[in-house]
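The values are calculated or read from the model by the stated rules, or taken from the named source; none is laboratory data. No experiment lies behind these values; they were computed from the predicted model shown. Note that we place each Cβ from the backbone using ideal geometry, even for glycine, and neighbour counts take in every protein chain shown.
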Amino acid sequence: MTAYLRPRDLDEALAARAAHPDWMVLAGGTDLMVNANHRPVPVGMIDLWRLHAIGFVRVADETIAIGAGTTWHDVERHPAIRERLAPLAAAAREIGALQIQARATLGGNVGTSSPVGDSLPVLLALDAELEVASVRGHRRVPYHAWCTGYRTTQLATDELIVCAHVPVPGPTTRTAWRKIGTRRAQSISKVMGAAAITLDGDVVTSARVALGAVAERPIRIAAVEAAVRGQPLAAAADAARAAMRAAIQPIDDVRSTASYRRQVAENLVARFFSVS
Amino acid sequence: MKLTIEVNGEPRTLDSSPWKRLLDVLRDDLRLTGTKEGCGEGECGACTVVLDGEAVNSCLVAIGQCDGRSVTTVEGLATGGVLHAVQRALVACGGAQCGICTPGIAVCAAHVVDRGLITGADDATARVRIRELLAGNICRCTGYQLIVDAVIAAARETSGLP
């Protein structure tokens, strides 16, 4: 029978992870329990649901640290996140629906690292940093270096995700989030993306633009970021659109086609820079 | 593993694989077959129950995770033989057809009504909010109109929604 452990604190969790690297680590289970009766039965489970040590939101002036066990329901309702990390709250509201948001966690999205994880382009656009831990100690990984391929990450087999440190965008940075799917709730995204655009007056001084569902992992679009730098906002949308053309190689699959994704991704990125 | 769960207010003890789904324990072990399985993927909401005060898909919860926690199923919505306001409104408004999605909708709607999550200064705004809150419950019969009618009626009756 599957073994089961519900650690009481982070030390217990890390010891369990080190002792049982082949056990399933789960919190809300909204990915790992899909079709559970048709999946291989896990050897053991380390249940991190509501583990206090990863269930926090810590608000500081320049950074908000969000524990890995924080649900999207918690993220969407947190006043500081809604006000200061608006695209993350917006993404949280479009992940699944009520039942999924009540269970699915930030750490789950980051750990599963699906190319269609809705929060992931936001973490790229906001230049988040992840804190992971093991019995060997804590370390930080910039989120842009986290994903190593299709559903693979830098997480070692004895490590757990503790939290994301998310820098709060300054007053001259505008942010955006947009998801396109067959419907707003539940459906998996065809394309989604986020941006953080820093302006000096109406000139773009720097931008981070990230997309999901257009590659094997969530990606920053370096060509767009370079093309808009130094452009007046009025010209940036066209520059972004032009740079998008060769920037992504999306695929055909059950949810959409490469050509649709390419067109929508261009429109979406151009709209991030539209004067409003 | 041995575990204890409070189901509809009563403690139940079980010996189960922790990997077994809450949905299967409810239906097969506890014979509470009001909770339905639609997709088994967390897409349809037919298996919605309230777990520790949150509406969740019981197909996505491992029973090991429920030890020491409390669950309310559709069988637990009525109190003292009186249906929940949402259940009465679903009957009155004709908000059910084939019935497979109905228990999940009743549980989710009762949860959002009881928690006062339905807000809106006017009818149209409240209806948009209800559709967002119930977006995780798929119905292939009704077109949702009569379900939304029922939920808004229940919210007006119990929580003073204008």
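Laid out as a table, the results:
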| item | result |
| --- | --- |
| Odd one out for residue B:8 among (1) more than 29 Å from residue A:94 (Cβ to Cβ); (2) within 11 Å of chain A (Cβ to nearest Cβ) | (2) |
| Test: residue B:44 is surrounded by fewer than 17 Cβ atoms within 10 Å (Cβ to Cβ), part of a loop (DSSP other than H, G, I, E, B) and within 14 Å of another protein chain (Cβ to nearest Cβ) | no |
| Answer residue from the range B:52-77, given it is under 11 Å from residue B:26 (Cβ atoms) and among the hydrophobic types (A, V, I, L, M, F, W, C) and is surrounded by the most Cβ atoms within 10 Å (Cβ to Cβ) among those | B:59 |
| Members of the range B:47-62 found to be more than 7 Å from chain A (Cβ to nearest Cβ), in contact with a helix residue (DSSP H, G or I) (Cβ under 8 Å, 6 or more places away or on another chain) and within 22 Å of residue B:2 (Cβ to Cβ), listed by number | B:49, B:51, B:58 |
| Out of A:139, A:103, A:151, sole residue that is closer than 20 Å to residue A:56 by Cβ and surrounded by fewer than 17 Cβ atoms within 10 Å (Cβ to Cβ) | A:139 |
| Close pairs from the range A:27-47: first free of Cβ contacts under 8 Å to residues at least 60 places away in the same chain and more than 7 Å from every other protein chain (Cβ to nearest Cβ), partner crowded, with 18+ Cβ neighbours inside 10 Å and in a helix (DSSP H, G or I), Cβ under 6 Å, at least 6 apart | A:46/A:16 |
| Failed condition for residue A:52, given (1) free of Cβ contacts under 8 Å to residues at least 60 places away in the same chain; (2) within 13 Å of another protein chain (Cβ to nearest Cβ); (3) within 30 Å of residue A:98 (Cβ to Cβ); (4) not acidic (Asp, Glu) | (2) |
| Some residue of the range B:63-78 being without any contact (Cβ under 8 Å) to a residue 40 or more places away in the chain, out of contact with any Asp or Glu (no Cβ under 7 Å at 6 or more places or on another chain), more than 10 Å from chain A (Cβ to nearest Cβ) and of a type outside the set (Val, Ile, Thr) | yes |
| Search result, residues across the range A:89-104 that are within 7 Å of chain B (Cβ to nearest Cβ) and of a type in the set (Lys, Arg) | A:103 |
| Meets criteria (surrounded by fewer than 17 Cβ atoms within 10 Å (Cβ to Cβ) and either more than 18 Å from residue B:108 (Cβ to Cβ) or not assigned by TED's automatic domain parsing to the domain that holds residue B:117 (or both)) for residue B:81 | yes |
| Count of the range B:8-34 residues which are buried (at least 20 other Cβ atoms within 10 Å of the Cβ) and in contact with a strand residue (DSSP E or B) (Cβ under 6 Å, 6 or more places away or on another chain) | 2 |
| Helices (runs of 4 or more DSSP H) wholly inside the range A:76-123 that include at least 2 residues being of a type in the set (Val, Ile, Thr) | A:106-112 |
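Quick grid of which residues meet (1) surrounded by fewer than 20 Cβ atoms within 10 Å (Cβ to Cβ); (2) outside any loop (DSSP other than H, G, I, E, B); (3) among the small types (Gly, Ala, Ser):
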{"position": "B:90", "(1), (2), (3)": "no, yes, no"}
{"position": "B:98", "(1), (2), (3)": "yes, no, no"}
{"position": "B:139", "(1), (2), (3)": "no, no, no"}
{"position": "B:143", "(1), (2), (3)": "yes, no, yes"}
{"position": "B:154", "(1), (2), (3)": "no, yes, yes"}
